[in-house]
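Reading through the structure tokens given below for one structure.
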Amino acid sequence: MNEKIRSLTKKHEEKMLGLRRRIHKLPELSGEERETAALVATVLEEHGIEVRTGVGGYGVVGVLRGSVEGPCVALRADMDALPMEEKTGLPWASELKGVMHACGHDAHTAMLLGAMCVLSEMKSELAGTVKCIFQPAEEANPVGGAPAMIQQGALKTPDVEAIFGMHVWPSLVTGTLGTRSGALMGASDRLFLTVRGKGAHGSEPENGVDAISIAAQILTALQTIVSRNVSPLDAAVVSIGTIKGGNRYNVIADEVVLEGTVRTINPETQEKMPGRIEAIVRGIARGMGGDCDMEYVKGYPPLMNDPELAKTAFSVLKKVVGEEKIVHVEKPALGGEDFAFFSREIPALFLWLGCRPEGVPKEEMPPLHNNRFLPDEKALSLGVETLVSCALEYLEGRKGA
Ligand SMILES: [Zn+2]
Ligand SMILES: [Zn+2]
């Protein structure tokens with residue numbers, strides 16, 4: 001079976017890589033994936049796959065029924081790009097100013113198309129149905145693209161039992177793949193704080209309330225949430241990324257605006273954060289004679305990998321790359337991922353595909369969301385094989401169950 005998957009992957013490799021370059025050249029921002037979605041639908045239709053378009057915006061769902069009755073398993077890819085100027089210098093770099101596939105979603109889309117091409121030639125071995133879900137707006141935190149697709153029935157008719165997804169991962173070398181059971185990616189929330197004081201001349205602080213002094217206290221005190229309110233065996237981050245206030249060197253500022261991000265991996269910890277933050281910022285601001293308004297925008301929930309599916313994935317990886325190339329991820333990453341919404345609905349499993357070219361040291365590999373990010377093309381066929389194998393292995397395991 002593995003041999004067959006490998007040779008079919010090889011057969012479709014050139015087309016898959018071509019699709020990836022084509023998508024890379026014409027990146028589309030979150031919620032604007034019109035051309036990418038149209039291309040996806042065309043390729044799927046060419047391979048005899050039933051297609052539904054316009055599912056939750058530009059979402060595309062394809063259904064491939066095997067020759068034997070059985071359950072339905074889904075594979076998911078994301079299609080959107082980022083608002084940044086590409087600096088890779090590639091001959092097939094983005095043709096659109098200020099838009100770039102800097103998160104590898106071009107590769108994800110092409111790999112899933114490749115996987116569906118392979119699977120369409122293996123219908124007789126399919127003990128059930130494989131659904132492919134191409135989602136828009138993965139980068140549109142906090143709304144995302146998955147919730148609208150779920151709401152519009154992407155996981156229904158036929159009902160999906162389990163779902164697999166994959167992300168190119170620049171810290172892992174090409175040829176390796178990694179995952180873990182339980183939390184793989186954190187929750188990513190946004191925080192907006194507006195500190196209000198009272199303006200006065202800098203020489204007469206007693207007549208004002210210094211919003212900058214209040215903000216300074218708040219900045220320091222916020223760090224005690226992670227060190228004092230979160231268990232040392234759990235993990236969380238509160239990072240303030242911008243601080244804006246004041247208009248003139250000799251005037252006491254009446255307002256300071258701070259923006260930050262809050263990352264957690266435990267759903268209960270995520271729940272607890274807004275309350276703790278509000279108590280601290282309000283307490284400090286009021287204690288110093290001012291006030292502070294908080295807006296807390298909940299982003300993507302933690303991405304939880306199902307333990308049973310993790311077993312399936314590790315058994316697949318053993319066959320596809322071999323034990324020594326499997327990365328047993330120890331700690332989840334605190335970057336948010338929209339696939340988390342699927343993991344709240346049904347058993348889900350997300351994988352990291354190594355894409356750092358051999359010989360390139362970790363520190364020299366541009367990370368995700370960098371305008372020089374370039375995943376190794378050599379990794380993509382392995383991604384296709386893995387997706388195909390996950391679907392087949394899952395359906396095989398459900399036979400007679
Ligand atoms: Zn991203
Ligand atoms: Zn991404």
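The values are calculated or read from the model by the stated rules, or taken from the named source; none is laboratory data. The structure displayed is predicted, hence computed values, not measured ones. In this analysis, Cβ positions are derived from the backbone assuming ideal geometry, glycine residues included, and neighbour counts consider all displayed protein chains. Ligands, DNA and RNA are excluded from the accessible area calculation, which covers all protein heavy atoms including side chains. Shrake-Rupley method; radii C 1.70, N 1.55, O 1.52, S 1.80 Å.
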Going through region 334-351 in order, the residues found to be more than 25 Å from Val238 (Cβ to Cβ), open to solvent by 10 Å² or more (accessible area, probe 1.4 Å) and among the hydrophobic types (A, V, I, L, M, F, W, C) are Ile346
Could you list all residues from region 136-164 that are within 16 Å of ligand 2 (Cβ to nearest atom) and either at pLDDT below 95 or within 11 Å of Gly31 (Cβ to Cβ) (or both)? Pro136, Ala137, Glu138, Glu139, Ala140, Asn141, Pro142, Val143, Gly144, Gly145
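Go through the residues of region 368-377 one by one and say whether even a single one is within 13 Å of the chain's Cα centre (by Cα), at pLDDT 95 or above, within 16 Å of ligand 1 (Cβ to nearest atom) and surrounded by 16 or more Cβ atoms within 10 Å (Cβ to Cβ).
Pass one, region 368-377, residues within 13 Å of the chain's Cα centre (by Cα): 368-369.
Next, from what is left, pick out any that are at pLDDT 95 or above: 368-369.
Retained after the next criterion (residues that are within 16 Å of ligand 1 (Cβ to nearest atom)): 368-369.
Narrowing the set further to residues that are surrounded by 16 or more Cβ atoms within 10 Å (Cβ to Cβ) leaves 368.
Checked against the condition, which is being within 13 Å of the chain's Cα centre (by Cα), at pLDDT 95 or above, within 16 Å of ligand 1 (Cβ to nearest atom) and surrounded by 16 or more Cβ atoms within 10 Å (Cβ to Cβ), region 368-377 yields at least one hit.
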Consider Met365 against the criteria (1) within 18 Å of Glu138 (Cα to Cα); (2) within 16 Å of ligand 1 (Cβ to nearest atom); (3) open to solvent by less than 50 Å² (accessible area, probe 1.4 Å): it satisfies all of them except one. Which criterion is unmet? (1)
Name the residue, out of Val256, Val238, Val226, Val195, that is among the β-branched types (Val, Ile, Thr), open to solvent by 20 Å² or more (accessible area, probe 1.4 Å) and at pLDDT 95 or above. Val226
Enumerate the pairs (first residue in region 122-149 and within 12 Å of Leu64 (Cα to Cα) and in the same structural domain as His167 (by TED's automatic domain parsing); second residue anywhere and among the aliphatic types (A, V, I, L, M) and part of a helix (DSSP H, G or I)) with beta-carbon separation below 6 Å, excluding pairs fewer than 6 apart on the same chain, so at least 6 apart or on different chains. Ala127/Leu395; Gly128/Leu395; Val130/Leu119; Val130/Ala391; Cys132/Leu112; Cys132/Met116
Within region 77-135, can you find the residues that are away from ligand 2 (no atom under 16 Å from the Cβ), of a type in the set (A, V, I, L, M) and assigned to a loop (DSSP other than H, G, I, E, B)? Leu90, Ala93, Leu96, Met122, Leu126, Ala127
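Output yes when any residue across region 313-333 is of a type in the set (D, E, K, R) and open to solvent by less than 50 Å² (accessible area, probe 1.4 Å), and no when none is.
Residues of region 313-333 that are of a type in the set (D, E, K, R), as a first pass: 318-319, 323-325, 330-331.
Those still in the list that are open to solvent by less than 50 Å² (accessible area, probe 1.4 Å) too: none.
Looking through region 313-333, none of the residues is of a type in the set (D, E, K, R) and open to solvent by less than 50 Å² (accessible area, probe 1.4 Å).
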If I filter region 118-159 down to residues being away from ligand 1 (no atom under 16 Å from the Cβ), open to solvent by 10 Å² or more (accessible area, probe 1.4 Å) and among the aliphatic types (A, V, I, L, M), which single residue comes out as nearest to Pro307 (Cα to Cα)? Leu155
Just to be sure I understand the filter: pairs with C-beta atoms under 8 Å, separated by 6 or more residues or on different chains, first member in region 46-60 and in the same structural domain as Ile150 (by TED's automatic domain parsing) and farther than 23 Å from His12 by Cβ, second member open to solvent by 40 Å² or more (accessible area, probe 1.4 Å) and of a type in the set (Lys, Arg). Which pairs pass? Tyr58/Arg34
Of the residues in region 26-37, those that are within 13 Å of Gly54 (Cβ to Cβ) and in contact with a strand residue (DSSP E or B) (Cβ under 9 Å, 6 or more places away or on another chain) come to Glu33, Ala37
Answer with yes or no whether Ala279 is touching an Asp or Glu at 6+ places or on another chain (Cβ under 8 Å), in a helix (DSSP H, G or I) and at pLDDT 95 or above. no
Among the residues of region 379-388, what is the count of those that are under 22 Å from Cys72 (Cβ atoms) and open to solvent by less than 10 Å² (accessible area, probe 1.4 Å)? 5
Those residues that are in contact with a helix residue (DSSP H, G or I) (Cβ under 8 Å, 6 or more places away or on another chain) and more than 16 Å from ligand 2 (Cβ to nearest atom), I need them from region 178-197; list them, please. Arg180, Ser181, Gly182, Asp189, Leu191, Leu193, Val195, Arg196, Gly197
Would you mind stating whether Leu309 is assigned by TED's automatic domain parsing to the domain that holds Met111, open to solvent by less than 10 Å² (accessible area, probe 1.4 Å) and touching a residue at least 24 places away in the same chain (Cβ under 8 Å)? yes
Checking Glu271 against (1) in a helix (DSSP H, G or I); (2) at pLDDT below 95; (3) crowded, with 18+ Cβ neighbours inside 10 Å, which test does it fail? (3)
